[in-house]
Amino acid sequence: MTPEQLKTSILQYAIQGKLVEQRPEEGTAEELYQQMKQEKQALIKEGKIKKEKPLADINDKEIPYDIPDSWKWVRFNDFGVYKKGPFGSALTKSMFVTKGDNTVKVYEQKNAIQKDATLGDYYITRQYFEEKMSGFEVHPGDVIVSCAGTIGETYILPENIEQGIINQALMRMELMPSVYKEYFLLFFDVVLKETARKSSKGSAIKNIPPFDELKNYLVPLPPLMEQQRIITKINEVFPYIDRYAVAYEKLEHFNARFPEEMKKSILQYAIQGKLVEQRSEEGTAEELYNQIQSGKQMLLQKGQIKKEKPLPQITEDELPFELPENWKWVRVAEICSIINGDRGKNYPAKSTLKKEGIPFISALNLDGKTVKQDANLLCLSDEQYDKLGSGKLVKDDIVVCIRGSLGKHGRYPFEKGAIASSLVICRPFVNDDVLAEYFMLYLDAPLFYSQIRLYDNGTAQPNLSANSFEKFLLPLPPMDEQKRIIEKIKALAPQCERLNK
């Protein structure tokens, strides 16, 4: 149950007479109701309010639920007198003046929403107030209600308010002296606000229901002393709900993060050699490393790659954690070529790219697994592609972003393509699908992102050089163990996905 649902349940219990016990010595709501009627009649006799047509008697079909015998169903109109703010051209911004000795304040919606009578800078002249607006005047103790947009927010005006009127986004409620305002507003919060939202006319801006509808709303009326005990109990309970809300929010935040954190933990376990057991019959990473270096030498001999400067030796101080004995720490560039895009004069302008042709990949196209085929996928012409000196893709290349969205990646699914300047191509020295899939797991693991933080240049635009990326540390297991790691993660993936639901 959410904190809001819990609060609503308690408030619903309150207005059903289930939150506190009934006490015979506190009298009945009928006695209070008769007192309210007398107070209203006195105001009519004094000429302060107009006599209204009597409302229809309450029938059994209207009553939404049972209330205690000492309570009484009454209509909203029985509680007081209500006045909606002036409509249309009766009050516009062109009529507002600077505050002065002969001005009257215009109370705004934000006074009700923020519960602060001092807010606002709108005033009208006293002359216009006396000629047209005196019927909209508010007094200390009046309740103002937000009637449009953020509907139903209420505020009891304090004693020391400036003389003023309500604007068109407010309703003024002058409650009878015997009405306990806090209980009335409790009912307003529980029932009327939600009903007003549901019955509001219009879509963009919601409004309080029309007065005829509003005046006929049913209100469950308890004896006055029971009203006070209800409010006291609510004031005791709500601080605990506020504390629950804080804990609930933390739990929701944890639950939202948990599936992703679990996935990261599994990947980190995987590349630390803790996800599956080691098997001596599968050989060692050193043997695999030597095979990869043999593959690299063959590519060099064929002229398919260029000889690079030797990478720095890996030192003990660099190692972030221990590996199993049959694993090996390597640098990324020891197992694959890192290929930059063409950044010279033949780099294609975005305005020349089309929706059809040879894919030209940017970070927008990568989703962590592959290249998305959507509206963001732009293409080169054959002529533009032929002019590029580097950065040409072949099927199953791994693409990594090193500028902007650092680390964003995907495996290339098409036969040929090219990369934007923010990306690099990672092409393993041996054409093995298992090694490529393991490398993709590495690109999702926390270790990879810790390497990014280590080498990121720290400028406003996140940036890695290809030379830095080449030095990233990668924990290398034997090939058969890589295969078992991949299979294990695939088996666990559906369980992680279920945590998102």
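Here are the numbers:
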| item | result |
| --- | --- |
| Qualifying residue in the stretch 285-297 (condition: touching a residue at least 60 places away in the same chain (Cβ under 8 Å), in contact with a strand residue (DSSP E or B) (Cβ under 7 Å, 6 or more places away or on another chain), open to solvent by 30 Å² or more (accessible area, probe 1.4 Å) and of a type in the set (Phe, Trp, Tyr)) | yes |
| Filter result for the condition that a residue is among the β-branched types (Val, Ile, Thr) and either open to solvent by 10 Å² or more (accessible area, probe 1.4 Å) or in a loop (DSSP other than H, G, I, E, B) (or both), over Ile161, Ile165, Ile124 | Ile161 |
| Qualifying residue in the stretch 438-460 (condition: touching a residue at least 12 places away in the same chain (Cβ under 8 Å), over 20 Å from Ser362 (Cβ atoms) and polar (S, T, N, Q)) | yes |
| Residue match in the stretch 413-425 (condition: crowded, with 22+ Cβ neighbours inside 10 Å and more than 36 Å from the chain's Cα centre (by Cα)) | yes |
| Candidate set from the stretch 62-72 (those that are over 17 Å from Glu213 (Cβ atoms) and surrounded by 12 or more Cβ atoms within 10 Å (Cβ to Cβ)); member that is modelled with the lowest pLDDT | Ile63 |
| Unmet criterion (only one of (1) farther than 30 Å from Gln272 by Cα; (2) open to solvent by less than 70 Å² (accessible area, probe 1.4 Å); (3) of a type in the set (Phe, Trp, Tyr)) for Phe321 | (1) |
| Leading residue by the ranking (nearest to Gln35 (Cα to Cα)) among those in the stretch 73-117 that are surrounded by fewer than 19 Cβ atoms within 10 Å (Cβ to Cβ) and hydroxyl-bearing (Ser, Thr, Tyr) | Tyr82 |
| Selection from the stretch 143-159 of residues that are modelled with pLDDT of 90 or more and more than 10 Å from Tyr107 (Cβ to Cβ) | Val143, Ile156, Pro158, Glu159 |
| Qualifying residue in the stretch 254-262 (condition: more than 30 Å from Thr8 (Cα to Cα) and touching a residue at least 12 places away in the same chain (Cβ under 8 Å)) | yes |
| Extreme residue, nearest to Phe188 (Cα to Cα), among residues of the stretch 222-243 that are within 29 Å of the chain's Cα centre (by Cα) and either open to solvent by less than 80 Å² (accessible area, probe 1.4 Å) or among the charged types (D, E, K, R) (or both) | Phe238 |
| Any hit, the stretch 350-367, residues being surrounded by fewer than 14 Cβ atoms within 10 Å (Cβ to Cβ), under 47 Å from the mean Cα position of the chain (by Cα) and within 30 Å of Asp480 (Cβ to Cβ) | yes |
| Matching residues in the stretch 383-411 - criterion: being of a type outside the set (A, V, I, L, M, F, W, C) and in contact with a strand residue (DSSP E or B) (Cβ under 7 Å, 6 or more places away or on another chain) | Tyr385, Ser390, Gly391, Lys392, Asp396, Asp397, Arg403, Gly407, Lys408, His409, Gly410, Arg411 |
| Residues satisfying the stated conditions in the stretch 64-89, i.e. touching a helix residue (DSSP H, G or I) at 6+ places or on another chain (Cβ under 7 Å), farther than 24 Å from Met225 by Cα and either outside any strand (DSSP E or B) or among the small types (Gly, Ala, Ser) (or both) | Gly85, Pro86 |
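Residue by residue, here is whether (1) among the hydrophobic types (A, V, I, L, M, F, W, C); (2) free of Cβ contacts under 8 Å to residues at least 24 places away in the same chain; (3) open to solvent by less than 70 Å² (accessible area, probe 1.4 Å) holds:
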site: Glu31; (1), (2), (3): no, no, no
site: Met36; (1), (2), (3): yes, no, yes
site: Glu46; (1), (2), (3): no, yes, no
site: Lys50; (1), (2), (3): no, yes, no
site: Asp60; (1), (2), (3): no, yes, no
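The values are calculated or read from the model by the stated rules, or taken from the named source; none is laboratory data. The structure displayed is predicted, hence computed values, not measured ones. Cβ coordinates were reconstructed from backbone atoms using ideal geometry, including for glycine residues, and neighbour counts include every protein chain displayed. What goes into the accessible areas is simple: the full protein's heavy atoms, side chains included, and nothing from ligands, DNA or RNA. Shrake-Rupley method; radii C 1.70, N 1.55, O 1.52, S 1.80 Å.
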